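Engineer: Got a structure here, written out as structure tokens. Questions coming.
Nothing in this text is a laboratory measurement; each read-out follows from the coordinates by a stated rule. A quick note: this is a predicted structure, and the numbers were derived from the prediction, not measured. No Cβ is skipped: glycine too gets one built from the backbone with ideal geometry, and neighbour counts run over all protein chains shown.
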Amino acid sequence: MRVHRVSSVVSAILLAVLATACATVALTPSASVTTAVQGWEHYFRLDWSAQARPNGTEIDGYVYNTYGSPAGNVRVLAQALDASNNVVAQKIEWVPGVVPNFNRSYFRIAALPPADHYRVSVWSFDIIDSDRFSRRRF
């Protein structure tokens, strides 16, 4: 009986350590990490502009799907950069709905602070396999 309790405690501690380790190695945007999917440019292209607004800079544009299958759960990353290319602010936003194959979808990212320049990339997406109605997460 005692061995069972010890192994339960050890198992609980091990799970807590693993959960903490997994949480700390999560991919987060930075000056050098601009996407969770290397090669996203093979699936998409972006057309966007930054406009100064009273509540901050707004980036709006289109994500174009250049791949032969629709994409869902598309997220874009906008980064505000200073003159030395240091990230001063960043936001990840969802692109509403599905981005149809060989088509485009509109996105908007609001309330970024004024910056020297901006960078936008596709952070992550799912390819929807229309033959099987399944998704491949990227």
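Engineer: For region 40-137, max minus min Cα coordinate along each principal axis, in Å, sorted largest first?
Structural biologist: Extents along the principal axes: 46, 25, 17 Å.
Engineer: Rounded to the nearest 20 Debye, what is the dipole magnitude of region 40-137 about its Cα centre when Lys and Arg each give +1 and Asp and Glu each give -1 at the C-beta? Intermediate values should be presented prior to the final figure.
Structural biologist: On the way: 11 positive and 10 negative charges, 52 e Å.
About 260 debye.
Engineer: Give me the net charge for the shell around residue 113: Cβ to Cβ below 12 angstrom, other residues only, Lys and Arg +1, Asp and Glu -1.
Structural biologist: Working: positive: 53, 91; negative: 58, 82, 116.
Computed value for this residue: -1.
Engineer: Which translational diffusion coefficient, to the nearest whole µm²/s, is obtained for region 77-127 from the Stokes-Einstein equation, given a Kirkwood hydrodynamic radius over C-alpha pairs, 4 °C and 1.567 mPa s? Present the calculation step by step, with values, prior to reporting the outcome.
Structural biologist: Details: Rh = 12.3 Å.
The estimated diffusion coefficient comes to 105 µm²/s.
Engineer: Where does the charge balance sit around residue 83 when Lys and Arg score +1, Asp and Glu -1, over other residues with C-beta under 15 Å from its C-beta? Don't skip to the answer; put the middle values down first.
Structural biologist: On the way: positive: 119; negative: 82, 116.
Here the charged neighbours net out to -1.
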